[in-house]
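Here the structure comes first, spelled out in structure tokens, and everything after it is commentary.
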Amino acid sequence: MVVKTPQFIIIGQLLREYVILPSDRVLLDVPGGNLLYAGAGLLVWEENPPPGIVARVGEDYPQAWLDEFSRRGLDTDGVNVLPHAVDVRSFVAFTGRSSRSTDDPVAHFARLGLPFPKALLGYREATKPLDSRTQLLPTSLRQSDIPPDYLDARGAHLCPLDYLTHSIMPAVLRQAEVTVVTLDPSPGYMNPTYWNDVPSLITGLTAFLPSEEEMRSLFEGRSEDLWEMAETLAGYGCEIVVIKRGEGGQYLYDAASHTRWEIPAYPSQVVDPSGAGDAFCGGFLAGYRRTYDPLKAGLYGNISASLVVEGVGPFYALDALPGLAEARMESLKQSVRKV
């Protein structure tokens, strides 16, 4: 008997992506967004029942893509298709394994001697403004966007979204008695202007999963010590803080035992760095629900990210050889360091 109700839900964004890979290969109008990469990271470890995804898209979002997401193992009942068009285009150019640019796509296509894609005409990259404390975006999520049966899930992950969505959703999930809730913050509020607002987002989380850049931005002028930052945020009532450091791996702080762990990145052959941090979060959620061990959860996430970046697109990792993820995790265990 196939169980329908998802045991995991992932809340985030679906995008139409235009990507220039480190190899200068160009991907035009392909499915992407943090939601898919987090979902793939989770599916590496947990396939059944299919995890539910929650997002908002416009009526112009390709139905064929949603059908493909279902085929690849995601429950798409939580994708709210609005009765009007919504611009969810996103451009990124990787100029190295860990360096990226999201502005001036014209210059990047010119650099490669390629014509500018008509589908990107009129595209304007957000200049990383501060999130609004009062105004919802078309893609901001509301409680009503979550299908009722999704609230029977035991674990949920919130991908980077706007401040208002992140200020609402954790309380909704806790009220529904979702036992494990993890959150990856957005650069739009991880800055000193939101210093007094961030604690309320963290209280009650199982795990807070920012990037190193986001942590340094939030603590600008207050601290330069990443471990001090992690302890400070854990003090607001969060069980685990993981700082994602790209090729540097992760710093993991377990508040209950006051333990610090340094996990190196698994040495992957990076083809497409897109979504590595999101894939980590999906794997972390699966690992924590399976083991309730923060360090083991970090290893699950690390291996999910290592598989995703070795190919193109969020679902590449799902075609890995059987047993590869487990073998990589056994290998990685030997390199973990208690600080």
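Coordinate-derived values only; no laboratory data. If you're wondering where the values come from, they're calculated on a predicted model, not measured in any experiment. When we count neighbours, we look across all protein chains shown, and the Cβ atoms used for this are built from the backbone with ideal geometry, even at glycine.
One table, with the values for the structure above:
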| read-out | value |
| --- | --- |
| Within straight-line cross-link reach of residue 296, lysines at Cα separation under 28 Å, skipping those fewer than 8 residues along the same chain | 4, 244, 333, 338 |
| Separation in nanometres of the label points that stand 7 Å from Cα toward Cβ, at residue 227 and residue 258 | 1.2 nm |
| Two-site label geometry, residue 48 and residue 154: point separation in nm, points 7 Å out along Cα→Cβ | 1.6 nm |
| Relative contact order (percent, whole number), the chain, Cα cutoff 8 Å, 6+ residue spacing | 18 percent |
| Order of 91, 116, 8 - criterion: other Cβ atoms within 10 Å of each residue's Cβ, fewest first | 116, 91, 8 |
| For the range 54-98 versus the range 252-325, the gap between their alpha-carbon centres in whole angstrom | 22 Å |
| Relative contact order, percent, the range 126-243 [alpha-carbon distance under 8 Å, six or more residues apart] | 23 percent |
| Cα centre as origin, Lys/Arg/Asp/Glu Cβ charges: the range 177-240 dipole, Debye | 160 debye |
| Residue 247-residue 334 FRET efficiency (beta carbon distance; Förster radius 22 Å; 0.05 resolution) | 0.70 |
| Value of relative contact order over the range 1-143, rounded to a whole percent, pairs C-alpha under 8 Å and six or more apart | 24 percent |
| Residue 82 versus residue 291: modelled label distance in nm, points set 7 Å from Cα along the beta carbon direction | 4.0 nm |
| Antiparallel bridge percentage (DSSP; both residues within the range 146-277; nearest 5) | 55 percent |
| Burial ordering of 44, 106, 88, fewest other beta-carbon atoms within 10 Å first | 106, 88, 44 |
| Identified option (computed Cα Rg over 2.2 N^0.38 Å; candidates (i) 1.05; (ii) 0.94; (iii) 1.11) | (ii) |
